[in-house]
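Comments concern the structure below.
Please treat every number below as a calculation from the coordinates, not as lab data. No experiment lies behind these values; they were computed from the predicted model shown. Here the Cβ is made from the backbone with ideal geometry for all residues, glycine too, and neighbour counts use every protein chain on show.
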Amino acid sequence: MKKASDFKRGDVVKVDNEPHYIENIMVQMPGARGAATLYKVRFRNVQTKRKVDQAFRGDDVLPEADFERRPVQVLYGDDSGWMFMDLQDYSQFTLSKDDIEGEWPYLTEDLEGVLSLVSEGRVIGIELPLLVTMKIEETSPTMKGASVTTRTKPATMPTGLVVQVPEYLSSGDVIKVDTRTGQFFSKA
């Protein structure tokens, strides 16, 4: 059992007897005396990918889900799914586009730092690193005199992901993208 005050981003707990991944936690401390601190938590169902928002008091508890994180290597993919290899036992498995819809735009061959979420011997999803490095495939031409922080323009990545990037970047530049928000993080 895990207390709400001990929740951390990335924990997996059971909500309504299904494993849910903690995406975000917001702590709200009321100003009134005797009022309990509230923990507003955004969960994502590991299997259905549905978001669930709930609020807890610090002493509320949820059962921990029986799962493990295992490092995997991204082998290759096509329009229907991606093939992965478990780096501990070298077994291979495929996840369909429906299984990893939120992670799909960030997957590239040989992406490092990917973890599989395994529950009861079955892979139920993957967890991406916080930042992925991608090469800009297409964007409008660089503007002379463009500053680093002012305006942005859309850039298309090889996976089809469109990210708003600073004007000084051009096609062929390599950038880091935040997988939680889908936004430009920095130039690589």
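Values as computed for the structure displayed
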| item | result |
| --- | --- |
| The chain: relative contact order as a whole-number percent, Cα under 8 Å and 6+ apart | 14 percent |
| Vicinal HN-Hα couplings computed from phi for segment 137-142 (Karplus, 6.51 cos²θ - 1.76 cosθ + 1.60; Hz; Gly/Pro x) | 8, 8, 7, 5, x, 5 |
| Contour minus Cα-Cα distance for Phe185 and Asp173 (0.36 nm per residue) | 3.0 nm |
| Chymotrypsin sites (Phe, Trp or Tyr not before Pro) restricted to DSSP loop in segment 63-96 with at most 11 other C-beta within 10 Å | Tyr90 |
| Charge sum, other residues only, whose C-beta stays under 13 Å from Trp104's C-beta, Lys/Arg counted +1 and Asp/Glu -1 | -4 |
| Within the chain: Cβ-based charge dipole about Cα centre, in debye rounded to nearest 20 (Lys, Arg +1; Asp, Glu -1) | 1040 debye |
| Charge dipole (debye, nearest 20) of segment 93-188; +1 at Cβ of Lys and Arg, -1 at Cβ of Asp and Glu | 560 debye |
| Karplus-derived 3J(HN,Hα), 6.51/-1.76/1.60, for each residue of segment 46-55, Hz, glycine and proline x | 5, 8, 8, 6, 6, 8, 9, 10, 9, 10 |
| Extension reserve of the Asp79-Thr159 stretch, reckoned as 0.36 nm per residue once the Cα distance is removed | 27.7 nm |
| Gyration tensor verdict on the chain (Cα atoms; rounded if a/c is under 1.5, prolate if a/b is larger than b/c, oblate otherwise) | oblate |
| Contour excess over end-to-end distance, with Cα ends at Asn24 and Gln88 and 0.36 nm allotted per residue | 20.1 nm |
| Out-of-range pairs (alpha-carbon distance over 30 Å; input Lys3/Lys49; Lys97/Lys187; Lys8/Lys97; Lys14/Lys97; Lys8/Lys176; Lys14/Lys153) | Lys14/Lys153 |
